[in-house]
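Since the structure comes first, as structure tokens, the remarks are kept for the end.
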Amino acid sequence: MKNCMAVGNAVAGVICADGHLGYAQPVGGVIAYEKQISISGVGFDIGCGNMAVRLDSRFADIVPRVNEITQDIARVISFGIGRRNEERVEHDLFDDAEAWKASDMEAYRQKAAGQLGTVGSGNHYVDLMVDEDGFVWIGVHFGSRGLGHTSATRYLKAAGGQDGMNVPPAVVDEDSEIGQRYIAAMQLAGRYSYAGREWVVDRVRKIIGGRATDMVHNHHNYAWRETHGGRDLWVVRKGATPAFPGQRGFVGGSMGDDAVILEGIDGPEAKAALYSTVHGAGRLFGRKEAKRRFSKAQMDAWLQNRGVMLIGADLDESPMAYRRLDEVLAHHSASTRILHRLRPFSVVMAGDGEFDPFKD
């Protein structure tokens, strides 16, 4: 954060309670710039975010089908290695020629069309959860896939960005040629992320049955133009959820912990946090360390104790590798309040050793 605050027209910075080391800018880090935007702050997975939808289906009614539903999700939705099913997703976004031209990403349009609706690997997931009233929620976490990764790589290189963790952020002026093209690419990738999450949630809803009765949807790797203290700023959130007063967010823990629907509340702490909160529980251990430290038997016992059915994932995503969400949220209790607690009962992720071909 000190590195970031020393570069460009940085006005304010925040580290949320789930913060940990990230490329150039901390994950869980928020920085506000005047007339500038940080390409490395938004990061490679532009528009990564969470979406949660409540169904009118009750958990008690689908208990006999949970195994079947989970298997169907793993079969129909594409995780990690790329699209396994034959469904091609159509969307108006691919007809917006001006947006593709402004972002200079026209050459990627056909690839992006083929990737829409894929979830990827790492900590990206489809969760099924139950709330305090017994209703089923679908939760997903992923972003813009190859479109965002390719856009970020291109513009980081063009801006002279450095490789590594503790490097200066690549900050560009909003009215420069590269700044204008990058903003267009970021906004395109953001629209693409929303479209992908909406498709996956609706496809899972069709597997379960039932009708959507509520929806919460947020990016947490993105830059927004906002007004703070009377100043017009670009607020770059890397792994941080916008939480303006009354704005709701879906925040997951780990695959064995409760998730929450929260909303922002006003006050001095909220203003100081640039109306931002956590995007998850935050890692305690890196991926390699988690695999070294924990066993599959430990992870399986944790999930069995919580009543969670899991397909995919590896020890790097074990619940033991993460902080506890309640402890993290306690640090933001003056700026957010919890509306719903969601207990996971089914989690589908990419499997051990699967890679994401759409980063290339």
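Read-outs: derived from the displayed coordinates by stated rules, not from any lab. Not measured: the values here are computed from a predicted model. Here the Cβ is made from the backbone with ideal geometry for all residues, glycine too, and neighbour counts use every protein chain on show.
Yes or no, residue by residue, for (1) in contact (Cβ under 8 Å) with a residue 40 or more places away in the chain; (2) in contact with a strand residue (DSSP E or B) (Cβ under 9 Å, 6 or more places away or on another chain); (3) buried (at least 21 other Cβ atoms within 10 Å of the Cβ):
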| site | (1), (2), (3) |
| --- | --- |
| Arg181 | yes, no, no |
| Ser193 | yes, yes, yes |
| Arg197 | yes, yes, yes |
| Val200 | yes, yes, yes |
| Ile208 | yes, yes, no |
| His217 | yes, yes, no |
| Ala223 | yes, yes, yes |
| Thr227 | no, yes, no |
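In region 233-256, what residues are of a type in the set (Phe, Trp, Tyr) and either part of a strand (DSSP E or B) or buried (at least 24 other Cβ atoms within 10 Å of the Cβ) (or both)?
Within region 233-256, Trp234, Phe250 qualify.
Which of the numbered conditions does Ser276 fail, given that it passes all the others? Conditions: (1) exposed (fewer than 14 other Cβ atoms within 10 Å of the Cβ); (2) polar (S, T, N, Q); (3) within 17 Å of the chain's Cα centre (by Cα).
(1)
Of these, Asp45, Asp72, Asp18, which one is in a loop (DSSP other than H, G, I, E, B), among the charged types (D, E, K, R) and in contact with a helix residue (DSSP H, G or I) (Cβ under 9 Å, 6 or more places away or on another chain)?
When all the criteria are applied, what remains is Asp45.
Would you be able to tell me the number of residues in region 157-179 that are closer than 27 Å to His20 by Cβ and either within 17 Å of the chain's Cα centre (by Cα) or surrounded by fewer than 21 Cβ atoms within 10 Å (Cβ to Cβ) (or both)?
10
Quick check, is Tyr125 touching a helix residue (DSSP H, G or I) at 6+ places or on another chain (Cβ under 9 Å), under 20 Å from Leu303 (Cβ atoms) and in contact (Cβ under 8 Å) with a residue 60 or more places away in the chain?
Considered against the rule, which asks whether it is touching a helix residue (DSSP H, G or I) at 6+ places or on another chain (Cβ under 9 Å), under 20 Å from Leu303 (Cβ atoms) and in contact (Cβ under 8 Å) with a residue 60 or more places away in the chain, Tyr125 comes out as yes.
Name every residue in region 285-301 that is in a helix (DSSP H, G or I) and either within 24 Å of the chain's Cα centre (by Cα) or within 9 Å of Ala321 (Cβ to Cβ) (or both), in order of residue number.
Within region 285-301, Arg287, Lys288, Glu289, Ala290, Lys291, Arg293, Met299 meet the criteria.
Given the structure, is Asp56 in contact (Cβ under 8 Å) with a residue 60 or more places away in the chain and farther than 19 Å from Val308 by Cα?
Criteria met by Asp56.
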